[in-house]
Amino acid sequence: MTDKKITCLACGVFRMEIEALSRQDKLDCNIITLESMLHMKPARLEEEMGRVMEAGPNDKFLVLYGDCQPRMHEMQARENVSKVTGINCCDILLGREAYRNLQKDQAFIFLPEWTLRWREVFTNELGFENQEVAQAFMREHRKRLVYVDTGVMPVPDKTIQDISEFFGMPVEILHISLDILLQGINNALRKFARHDQNDK
Amino acid sequence: MINNEQEKKSVMDAILKGERDLVNTLLDDYAASRSYRTAMNEVLEPVLEEIGSRWTEENLSLAQGYIAGKVAEDLLMKIHNAEKDTAAKQAAKVPVVIGNIEDDYHSLGRKLVSVFLQSAGWQVYDLGNDVTAEEFVDKAVEKGARVIGVSAMMYTTAENIRKVRDELDRQNLSGKIKLAVGGAVFKLRPELAAEVGGDGTAANGFQASQLFEKLWEESLREVPL
């Protein structure tokens, strides 16, 4: 389905998942991942994505991102770019309906990559050094904490326990496959297949 | 001119350190010989203005923004209780409607806007997350609001704001009901505000009241009471 002329430009939050797809021979292209913490700095993310694309002006880019920077829409409209459908990483992995249902339930979603660095995310990036403030914030804005197990690493039980204790809320575990992610990737790749056909 | 630089500095420092209780104590002390409303006007509002600038410059963490909102909420509650049954409390408040647009669930910014609008004296009807265009417009009509404030974090959800403009047009309410838009994506590309049909935007939530005042006045000029 894929080939080496295509570069998958992905958020680091998907790194383990796309490496797993690659190992399973379901994704066969160059892979470039960017630091997932750029999610917190959309203007810098735009710059970084632009930098990667400028380095390969004749490449095709499969973009594995949500609507994470302000000009993603214009970027995906370029002929040599195709973005997976989805407004953010959780939407891309879970699919529209499951994602919307979790949002309606006011769930905070922990994906594997962010889970492993959750302290760094919450203390350094978001400033929640004070546990009391973190608990108040989370309880006010979220009713559930959900860890999404994508099957690419063992469920980090100890880390999940630490998260639960830090926020004073239970963490549920939701097991999913990579099928929805793969389907999104394949749908996005069809844009290139259509262009290739038109060029013939 | 009021010389309360030390109080403002102490409140700012405490907010930046996430010490909500300390901020409340400082404001209680200031209010003891004056009033809670004076503490709001003379201490917290100028501090929030500075907080707003830091937010715009991305020099404020999410936790610090959250604490700023909470201390404003705490003080508002004290003002509300202190002025219960007084003329100030009974004075008619001007209604406005706010919410996150359909498909948008990023509520922190909207909640901060709600607190800052209330502290400026607006009667806020906060419809929450994932609000449809019809719900926004119907509530504004029901409450006599002349400004609707719609929040969206991302481009995709900001696009849904067009539906609010379409609904206002459909009900012949454009001009009478103004559309304020805000959220992270508008900070990064302010031109999007007009593209999605907004009548105005603000650099941050702390400036929302100024924007709403401007839009309210425009509405009155275009469609007088």
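Computed quantities for the displayed model
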quantity	calculated
Residue check, B:D126 among the charged types (D, E, K, R) and touching a Ser or Thr at 6+ places or on another chain (Cβ under 9 Å)	yes
Some residue of region B:35-50 being surrounded by fewer than 21 Cβ atoms within 10 Å (Cβ to Cβ), within 14 Å of another protein chain (Cβ to nearest Cβ) and among the hydroxyl-bearing types (S, T, Y)	no
Any hit, region A:153-164, residues being under 19 Å from A:A10 (Cβ atoms), touching a residue at least 40 places away in the same chain (Cβ under 8 Å), within 19 Å of the chain's Cα centre (by Cα) and surrounded by fewer than 18 Cβ atoms within 10 Å (Cβ to Cβ)	yes
B:K143 being among the basic types (K, R) and out of contact with any Asp or Glu (no Cβ under 9 Å at 6 or more places or on another chain)	yes
Search result, residues across region B:115-146 that are within 27 Å of B:I67 (Cα to Cα) and more than 14 Å from chain A (Cβ to nearest Cβ)	B:F116, B:L117, B:Q118, B:S119, B:A120, B:G121, B:W122, B:Q123, B:V124, B:Y125, B:L127
Listing of helices (runs of 4 or more DSSP H) fully contained in region A:1-82 that carry 3 or more residues being more than 14 Å from the chain's Cα centre (by Cα) and farther than 16 Å from A:N186 by Cβ	A:42-55, A:72-77
The listed residue being assigned by TED's automatic domain parsing to the domain that holds B:D169, modelled with pLDDT of 90 or more and in a helix (DSSP H, G or I), out of B:E73, B:E50, B:E135, B:E42	B:E135
Some residue of region B:152-167 being in contact with a Leu (Cβ under 7 Å, 6 or more places away or on another chain), closer than 14 Å to B:I98 by Cα and not in a helix (DSSP H, G or I)	no
Restricting region A:137-152 to residues that are part of a helix (DSSP H, G or I) and either in contact with a His (Cβ under 8 Å, 6 or more places away or on another chain) or crowded, with 18+ Cβ neighbours inside 10 Å (or both), the residue that is farthest from the other protein chains (Cβ to nearest Cβ)	A:M138
B:Y125, sole failed condition from (1) part of a strand (DSSP E or B); (2) modelled with pLDDT under 90	(2)
Residue within region A:181-191 that is under 14 Å from A:L116 (Cα atoms) and either surrounded by fewer than 17 Cβ atoms within 10 Å (Cβ to Cβ) or not aliphatic (A, V, I, L, M) (or both) present	no
Residue that is at pLDDT 95 or above and in contact with a Lys or Arg (Cβ under 6 Å, 6 or more places away or on another chain), where the choices are A:F192, A:F166, A:F108	A:F108
Qualifying residue in region B:176-194 (condition: in the same structural domain as B:K111 (by TED's automatic domain parsing), of a type outside the set (A, V, I, L, M, F, W, C), assigned to a helix (DSSP H, G or I) and modelled with pLDDT of 95 or more)	no
Per-region count, region B:141-158, residues among the polar types (S, T, N, Q) and more than 22 Å from B:R189 (Cβ to Cβ)	0
Identity of the residue in region A:51-94, β-branched (V, I, T) and in contact (Cβ under 8 Å) with a residue 24 or more places away in the chain, that ends up farthest from the other protein chains (Cβ to nearest Cβ)	A:V52
Residue pairs meeting the criteria (Cβ under 6 Å; at least 6 apart or on separate chains; first facing chain B (nearest Cβ under 9 Å), in region A:114-130; second hydrophobic (A, V, I, L, M, F, W, C) and part of a loop (DSSP other than H, G, I, E, B))	A:F122/A:F128
A:L64 buried (at least 21 other Cβ atoms within 10 Å of the Cβ), closer than 23 Å to A:F110 by Cα and touching a strand residue (DSSP E or B) at 6+ places or on another chain (Cβ under 8 Å)	yes
Test: residue in region B:59-71 that is in contact (Cβ under 8 Å) with a residue 12 or more places away in the chain and away from every other protein chain (no Cβ under 12 Å)	no
From B:D13, B:D28, B:D21, residue being closer than 22 Å to B:N204 by Cβ and surrounded by fewer than 17 Cβ atoms within 10 Å (Cβ to Cβ)	B:D13
Some residue of region A:168-184 being more than 23 Å from the chain's Cα centre (by Cα), closer than 25 Å to B:R110 by Cβ and not assigned by TED's automatic domain parsing to the domain that holds A:V13	yes
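The values are calculated or read from the model by the stated rules, or taken from the named source; none is laboratory data. Predicted model only: the values in this text are computed from it and were never measured. Every residue, glycine among them, receives a Cβ derived from its backbone with ideal geometry; neighbour counts consider all protein chains shown.
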